[in-house]
1. Short version: ³J(HN,Hα) in whole Hz for each residue of the range 225-230, in order, from phi by Karplus 6.51 cos²θ - 1.76 cosθ + 1.60 (θ = phi - 60°), x for Gly and Pro, what are they?
2. Give me the net charge for the shell around S15: Cβ to Cβ below 11 angstrom, other residues only, Lys and Arg +1, Asp and Glu -1.
3. Apply the Karplus parameterisation 6.51 cos²θ - 1.76 cosθ + 1.60, with θ equal to phi minus 60°, to every residue of the range 232-239 and state each ³J(HN,Hα) to the nearest whole Hz, in sequence, with x for glycine and proline.
4. Residues with beta-carbon under 11 Å from that of Y169, excluding Y169: net charge, scoring Lys, Arg +1 and Asp, Glu -1?
5. A184's amide H: which non-local residues (gap 5+, or another chain) put their own amide H closer than 5 Å, with H modeled 1.01 Å from N in plane and none for Pro or chain starts?
6. Net charge around C50, counting only other residues with Cβ within less than 12 Å of its Cβ (Lys, Arg = +1; Asp, Glu = -1)?
7. Tell me, what is the percent relative contact order of the range 9-238, built from C-alpha pairs under 8 Å that lie six or more residues apart?
8. Arrange the peptides 124-135, 191-202 so that the one whose residues have, on average, the most other Cβ atoms within 10 Å appears first.
Amino acid sequence: MSRMPSLKRVLLKVSGEALMGDQPFGIDMTMVERVCRDVVEAARAGVEICLVIGGGNIFRGVAGAAKGMERADADYMGMLATVMNALAMQGVLRSLGNDARAMSAIPMPTVCESYARPAAIRHLEAGRIVIFAAGTGNPFFTTDTAAALRAAEMQCDALLKGTSVDGIYSDDPKTRPDAERYDALTYDHVIAQNLKVMDTASITLARDNAIPVIVFSIRTESAFNQVLGGQGRFTIVTG
């Protein structure tokens with residue numbers, strides 16, 4: 001296993017699907033609260049945390065309506081879904097006693113703050129949890145790419161991706177039980193083998209900015225804090 005770097009400021013990417021719980025789509029507030037409790041525990045231990053939440057849990061419910069749309073319009077619908085998830089996370093984080101700020105790449109000042117890098121850094125330094133919504137603000141880019149971009153802008157020590165499996169596998173372990181699990185990989189190996197943990201643009205951005213990518217199961221209670229301490233099961237991607 002590659003040595004875990006010292007993590008003082010991190011970006012946690014949570015897939016929208018993880019927030020569905022056992023539902024076919026939508027937001028499972030029990031799951032949201034469990035994730036938020038783990039995040040608040042880490043924040044109280046002194047880690048500066050920012051979040052990027054996917055929108056698949058909500059967009060899945062309207063995917064039928066998006067069929068036949070131009071890709072750009074469908075992507076904007078997905079971005080709006082991430083704003084809804086960000087507001088849900090913000091509300092729960094605040095209810096747990098930790099200030100949080102949702103910041104949108106698409107300006108909507110009556111709903112949340114517009115993203116600005118200096119303001120986001122000030123929030124982190126003040127102990128607030130920052131939730132980046134609406135992806136990069138542009139169509140044709142995934143929330144994984146947005147996560148890598150914001151991690152670079154915030155000068156994060158690592159990008160943690162919370163998924164439904166406990167690391168990176170050679171194939172989907174849900175359909176291929178014999179898939180090989182990796183403890184550590186290089187960025188170039190992930191790209192060359194076309195491993196589906198993140199899209200190529202996000203891995204390339206992380207590589208070019210020397211940001212370790214750590215993949216773990218967000219569905220496992222307390223896994224986030226275990227990973228921050230170098231414990232538990234995860235895959236780390238470095239140079």
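Values in this text are rule-based calculations from the coordinates and carry no lab data. All values derive from a computational prediction rather than experimental measurement. Cβ sites come from the backbone with ideal geometry, for glycine too, and all protein chains shown count toward neighbours.
1. Karplus values, whole Hz, x for Gly and Pro: 6, 4, 5, 4, x, x.
2. Net local charge, S15 excluded: +1.
3. 3J(HN,Hα) across the range 232-239, in whole Hz: x, 10, 6, 10, 10, 10, 9, x.
4. Computed value for this residue: -1.
5. Those lying under 5 Å, H to H, from A184 are I236.
6. Working: positive: R9, K13, R101, R117, R128, R150; negative: E48, E125, E153, D157.
Here the charged neighbours net out to +2.
7. Values: 450 pairs, mean separation 50.6, N = 230.
It comes to 22 percent, rounded to a whole number.
8. Values: 124-135: 22.4, 191-202: 15.4.
Output ranking for 124-135, 191-202: 124-135, 191-202.
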